[in-house]
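The values are calculated or read from the model by the stated rules, or taken from the named source; none is laboratory data. Remember, predicted model here, so these are calculated numbers, not experimental data. Every residue, glycine as well, gets a Cβ built from its backbone with ideal geometry; the counts of neighbours run over all protein chains shown.
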Amino acid sequence: MYSKTVMDHFKNPRNVGVINDADAVGEVGNPLCGDMMSIYLKIQDDHINDIKFQTFGCGAAIAVSSMLTEMAKGKSLDDAKKISNKDVAEALEGLPKNKLHCSNLGADALHIAIKNYEDKKAGRSTDEPKRKEKHEHTHGDSCYCPYCDAEIEEGAVFCKACQTDLKGQTKTLGEG
Amino acid sequence: MEIVNLDHMSANPLLPEVQDAMIDAIKSNYGNPSSQHRIGDRAAEALDQARDSVAGLINSSIPKEVVFTSGGTESVNHAIKGVAFARGDKGRHIVTSNIEHNAVLRSIRRLKMMDYKVTSVPVDQYGRVNPDDVAKAITDETILVSIMHSNNEIGTIQPIEEIARITREKKVLFHTDAVDSVGVVPIDVQKLGVDLLSFASNTFYGPAGVGGLYVRRGVGIWPLLDGGVQENNKRAGTENLIGIIGMGVAARLAAQDMEKRIAKAKKLREKLLRELPDYIDEYFINGHPEHTLPNLASISIKYIEGESVVLMLDEEGIAVSTRSACAAGALQASHVLLSIGRDFADAQGTMVITFGEDNREDDVDKFLKVLKSSVNTLREISPLFNKKASAA
């Protein structure tokens, strides 16, 4: 199911842990997939000197976190900001379609951490960091239903093919 | 690498006797049971024999009550839609439970699009339906109650006999999805008192792609597939004779070895649950302590996600199943686990272990050892575990 690179990063994740005196922290958590990631940065001369992560999630989520930290380490903040979720998925030689969701947490956590750092430096109060949840197409231009894999329109809230409500995360059959 | 299969619910190896019977049939019994000549007669004879064995496994005294299908999913679809279509003019209300398999949930969801109404009854923390809730849910419009016999994620067995007493009294048909029960625990359709019962051959070491639907004599349901008059006019299409022959042999062996198999599975399950606290902490055992399948253990492990554990166990040659949303490909937490009160994060760390005939005690030892190291590794990575540690 997973590429060799994904399995390598899952089995031997790089840069796991916490930086106690971190200059910036970014946290993202997604209730839909149930994954969570915390990222810790040590920053010197606007460069990422050290980076560590902790992730609660599936094999893909752990591999994404690990790959992201490798890609970001040593980069200038400006370059690190350019790392997209798509870049991480590509560096992992692709992820299964239903796992693309998990790949969205890596770069988001990094970008939030950098924003926190810049806000702090500029003396701005940081808004409650929000995960972007931006939808990225890493499999061509099409968008797929996460439940039945049918092609759906961008932003669809209901899959006509499998009759699934794509808004709510859980549901049981109720009255009526 | 020697593989330890602790995921018998997903796939069972065919028993040698089943394999032999099927290979014999492939070589020598290619006939169509409907034909009016001796090639057909031979096939018809084998079909009858298989039907007798399968009827015996569920203690139906009328073998014709068994309809062969393509598996559990078709059986469930047939039972629910077949009743709904046949009785739609009498009423359009169906009662079910919150923890049914997708085959039931989605069959009913499809009927909801055709203006059928549904009431879904809750379960308690052990996953049991209260028969009183079923009684209360039944209205004058109700035509069918569908409650599973045992649950495929937590193993809980429902009070089917009690529910059947209610449905009989209220003159409503009762279907039970017994896909994970038939061939694993004793099932007696006469004692249970159900009208329809779905089951699958691969649950008891027969081939996948074959199943059965018990339809009590006198219960009229529409076919799901229209065509010929096969299967007592209930399921058109030339029979999958080779699969059915395999299912027949598997059914005979399951009936014969039932007690032995239950004793073995129970012993392994009890060993697992007894020794688990020596290896990991902070987990829940899901399901009912008594009313449970003997071969299934469901464990929700805190601070970790199930698919990661499955991958790590697989690296060591151990096969288990998880109910994490990520692994299911559905990105939805299990409705069963949420219904019994697990929160989203705990549902994510749920492993389902199902024992089978090829397991030994040292399989449990190996599983526990690898589980411990996998859980420790993943908790080291987990921010949830980290937060809890720093809060303490």
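On the stretch given as the range B:373-382, residues that are surrounded by fewer than 16 Cβ atoms within 10 Å (Cβ to Cβ) and either modelled with pLDDT under 95 or closer than 15 Å to B:A319 by Cα (or both) total 1.
For the range B:355-392, filtered to residues that are of a type in the set (D, E) and part of a helix (DSSP H, G or I), the residue that is nearest to B:E275 (Cα to Cα) is B:D365. Of the numbered criteria (1) more than 13 Å from chain A (Cβ to nearest Cβ); (2) aliphatic (A, V, I, L, M); (3) farther than 21 Å from B:L213 by Cβ, the one B:V121 fails is (1). Is at least one residue of the range B:141-162 under 19 Å from B:R216 (Cβ atoms) and out of contact with any strand residue (DSSP E or B) (no Cβ under 9 Å at 6 or more places or on another chain)? Within the range B:141-162, one or more residues are under 19 Å from B:R216 (Cβ atoms) and out of contact with any strand residue (DSSP E or B) (no Cβ under 9 Å at 6 or more places or on another chain). When restricted to residues that are within 13 Å of the chain's Cα centre (by Cα) and more than 17 Å from B:L311 (Cβ to Cβ), the range A:62-89 contains 9. Residues considered: B:I244, B:I262. Of these, the only one that is touching a residue at least 24 places away in the same chain (Cβ under 8 Å), part of a helix (DSSP H, G or I) and in the same structural domain as B:I62 (by TED's automatic domain parsing) is B:I244.
Note on the range A:10-98: enclosed strands (runs of 3 or more DSSP E) holding 2 or more residues that are more than 14 Å from every other protein chain (Cβ to nearest Cβ) are A:35-44, A:47-56. For the range A:41-66, the set of residues classified as touching a residue at least 60 places away in the same chain (Cβ under 8 Å) and surrounded by 24 or more Cβ atoms within 10 Å (Cβ to Cβ) consists of A:L41, A:A63, listed by residue number.
The lone criterion from (1) more than 22 Å from the chain's Cα centre (by Cα); (2) buried (at least 22 other Cβ atoms within 10 Å of the Cβ) left unmet by B:L276 is number (2).
In the set B:A392, B:A333, B:A345, which member is more than 10 Å from chain A (Cβ to nearest Cβ) and modelled with pLDDT under 95?
Answer to the check: B:A392.
The selection criterion, being surrounded by 22 or more Cβ atoms within 10 Å (Cβ to Cβ), assigned to a strand (DSSP E or B) and of a type in the set (V, I, T), holds for B:T176. If you go through the range B:61-75 one residue at a time, do you hit one that is surrounded by fewer than 18 Cβ atoms within 10 Å (Cβ to Cβ) and hydroxyl-bearing (S, T, Y)? Yes, the conditions are met somewhere in the range B:61-75.
Can you find even one residue in the range A:108-121 that is at pLDDT below 70, of a type in the set (D, E, K, R), surrounded by fewer than 17 Cβ atoms within 10 Å (Cβ to Cβ) and out of contact with any Ser or Thr (no Cβ under 6 Å at 6 or more places or on another chain)? Taking every residue of the range A:108-121 in turn, none turns out to be at pLDDT below 70, of a type in the set (D, E, K, R), surrounded by fewer than 17 Cβ atoms within 10 Å (Cβ to Cβ) and out of contact with any Ser or Thr (no Cβ under 6 Å at 6 or more places or on another chain). The set of residues in the range B:116-132 that are polar (S, T, N, Q) and either assigned to a strand (DSSP E or B) or at pLDDT below 95 (or both) comprises B:T119, B:S120. Only one of B:S300, B:S308, B:S324 is facing chain A (nearest Cβ under 8 Å), more than 19 Å from the chain's Cα centre (by Cα) and surrounded by 23 or more Cβ atoms within 10 Å (Cβ to Cβ); which? It is B:S308. The residues on offer are B:S10, B:S60, and the sole one that is in contact with a Ser or Thr (Cβ under 7 Å, 6 or more places away or on another chain) and hydroxyl-bearing (S, T, Y) is B:S10.
Within the range B:106-123, the set of residues being within 20 Å of the chain's Cα centre (by Cα) and either closer than 25 Å to B:E290 by Cβ or without any contact (Cβ under 8 Å) to a residue 12 or more places away in the chain (or both) comprises B:R106, B:R109, B:S120, B:V121, B:P122, B:V123. Here B:P16 clears all of (1) more than 18 Å from B:P207 (Cβ to Cβ); (2) of a type outside the set (S, T, N, Q); (3) surrounded by fewer than 14 Cβ atoms within 10 Å (Cβ to Cβ) except the condition numbered (1).
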